[in-house]
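**Student:** Just dropping this structure here.
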Amino acid sequence: NAGVTQTPKFRVLKTGQSMTLLCAQDMNHEYMYWYRQDPGMGLRLIHYSVGEGTTAKGEVPDGYNVSRLKKQNFLLGLESAAPSQTSVYFCASIYDGNTEAFFGQGTRLTVV
Amino acid sequence: KQEVTQIPAALSVPEGENLVLNCSFTDSAIYNLQWFRQDPGKGLTSLLLIQSSQREQTSGRLNASLDKSSGRSTLYIAASQPGDSATYLCAVWDGGATNKLIFGTGTLLAVQP
């Protein structure tokens, strides 16, 4: 049981490049979330999904897109990376409201 | 819009002390509240989950309480140890309203040997 796996773990992008971060969970969880964590600002919600085929905007969605074509995978895309998107990105998943949330180990992204 | 605040932002205590971390939220219509621990450079690990109908949860030296009406939760750590040093975050989940999981900014705890 791998839990929540994020790939890649590290990435350096040039301004304007694009990339996709993958979050995969093997626990049959319905709810999945993407966050960014910056010093002094806690975790801010980018986008989330309440089930296969659904997505919704969080608090800081601009510059990001997401897709959840399969229940186990939640993809976060940056179409044209900007230095302001330099951050650590975390994915989380929840089965339902009676269970705890599980987190991936994070992706450290630097945009130069 | 739900806002979650944690006070203090940082705390340093000598080993063996009992301590309390605070979490407050602006919208009391939550489904549950969780406390997490984050070690430097790592992901988050869930410590305790409190349902909205519960008042507290305990796990070992940790006790979390929830007062939904006042929008507050506390995490009590008994007999602190250097291994407890980490960032502690609380998060609220509003269930069927928006299904968002919203985090506070965290408390950085240092337990001095």
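**Student:** Would you work out the relative contact order for segment A:49-109, in percent, from Cα pairs under 8 angstrom that are 6 or more residues apart? Mind showing how you got there, number by number?
**Tutor:** Values: 73 pairs, mean separation 14.1, N = 61.
Normalised by residue count, the contact order of segment A:49-109 is 23 percent.
**Student:** For chain A, report the translational diffusion coefficient in µm²/s to the nearest whole number, using Stokes-Einstein at 4 °C, 1.567 mPa s, and a Kirkwood Rh over Cα pairs. Each step should come with its number before you reach the end.
**Tutor:** Numbers: Rh = 13.9 Å.
Answer from the Stokes-Einstein relation: 93 µm²/s.
**Student:** Given 0.36 nm per residue, what is the gain on full extension from B:THR45 to B:ARG72 after removing their alpha carbon distance, in nm? If you can, show how the numbers build up before the last one.
**Tutor:** On the way: separation 27, 0.36 × 27 = 9.72 nm, distance 2.10 nm.
Roughly 7.6 nm would be gained on extension.
**Student:** What is the distance in Å between the Cα centres of segment A:75-107 and segment A:1-52?
**Tutor:** 2
**Student:** Return the sequence-ordered ³J(HN,Hα) values of segment B:87-96 in whole Hz as given by the Karplus equation 6.51 cos²θ - 1.76 cosθ + 1.60 applied to θ = phi - 60°, using x for Gly and Pro.
**Tutor:** Per residue, the Karplus-derived 3J(HN,Hα) values read 9, 10, 10, 10, 8, 10, 10, 9, x, x Hz.
**Student:** Next up: Considering only the other residues whose Cβ falls under 13 Å of the Cβ of B:ARG37, what net charge follows from Lys and Arg at +1 and Asp and Glu at -1?
**Tutor:** Result for the neighbourhood of B:ARG37: -1.
**Student:** Still on this structure, I have one more. Amide H of A:GLY106: which non-local residues (sequence gap of 5 or more, or other chain) have their own amide H closer than 5 Å, using H built in the peptide plane?
**Tutor:** A:GLN6, A:CYS91
**Student:** Only Lys, Arg, Asp and Glu count, each charged at its Cβ (+1, +1, -1, -1), so figure out the dipole size of the protein assembly as shown about its Cα centre, rounded to 20 debye.
**Tutor:** 500
**Student:** Dipole size in debye (nearest 20) for segment A:41-112 around its Cα centre, Lys and Arg Cβ +1, Asp and Glu Cβ -1?
**Tutor:** Details: 6 positive and 6 negative charges, 27 e Å.
So the magnitude is around 140 debye.
**Student:** Shifting gears a bit: What is the Rg over Rh value, at two decimals, for chain B, using alpha-carbon atoms and the Kirkwood definition of Rh?
**Tutor:** For chain B, the value is 0.96.
**Student:** Sorted from largest down, give the three principal axis spans of the alpha carbons of the protein assembly as shown, whole angstrom values.
**Tutor:** 49, 38, 35
**Student:** Show the residues, 5+ positions off or on another chain, whose built amide H is closer than 5 Å to the amide H of A:LEU13.
**Tutor:** A:THR110, A:VAL111, A:VAL112
**Student:** How shielded is B:48-56 by partner chains, expressed as the average number of their Cβ atoms within 10 Å of its Cβ atoms?
**Tutor:** Mean number of neighbouring Cβ atoms from other chains: 1.
**Student:** What is the set of long-range amide H partners of B:GLY106 at a cut-off below 5 Å, with H atoms built 1.01 Å from backbone N?
**Tutor:** Excluding prolines and chain starts, which carry no amide H, the hits are B:GLN6, B:CYS90.
**Student:** Rounded to two decimals, what is the ratio between the C-alpha radius of gyration of segment A:61-108 and 2.2 N^0.38 Å?
**Tutor:** 1.34
**Student:** Please identify which residues in segment A:12-41 have an amide N closer than 15 Å to a label point set 7 Å out from the Cα of A:ALA82, following the Cα→Cβ vector.
**Tutor:** Under 15 Å, as judged by backbone N against the label point of A:ALA82, lie A:15-18 of segment A:12-41.
**Student:** Quick one: dipole size for segment A:1-85, taken about the Cα centre, charges +1 on Lys/Arg Cβ and -1 on Asp/Glu Cβ, in debye to the nearest 20.
**Tutor:** My answer is approximately 200 debye.
**Student:** Output the relative contact order of segment A:7-90, whole-number percent, from Cα pairs under 8 angstrom with separation of 6+ residues.
**Tutor:** Values: 166 pairs, mean separation 29.1, N = 84.
Contact order relative to length: 35 percent.
**Student:** Using the Karplus curve 6.51 cos²θ - 1.76 cosθ + 1.60 with θ = phi - 60°, work out ³J(HN,Hα) for each residue of segment B:61-67 in order, rounded to whole Hz, and write x for Gly and Pro.
**Tutor:** Each residue of segment B:61-67 in turn: 7, 9, 9, 10, 10, 9, 10 Hz.
**Student:** To continue, here is another question. Report the longest stretch of chain A that contains none of the trypsin sites (Lys or Arg not before Pro) sitting in a DSSP loop with at most 12 other Cβ atoms within 10 Å.
**Tutor:** Result for the longest clean stretch: A:15-69.
Read-outs: derived from the displayed coordinates by stated rules, not from any lab. What you see is a predicted model, and the numbers here were worked out from it, not measured in a lab. All Cβ positions, even for glycine, are placed from backbone atoms using ideal geometry, and neighbour counts span all protein chains on display.
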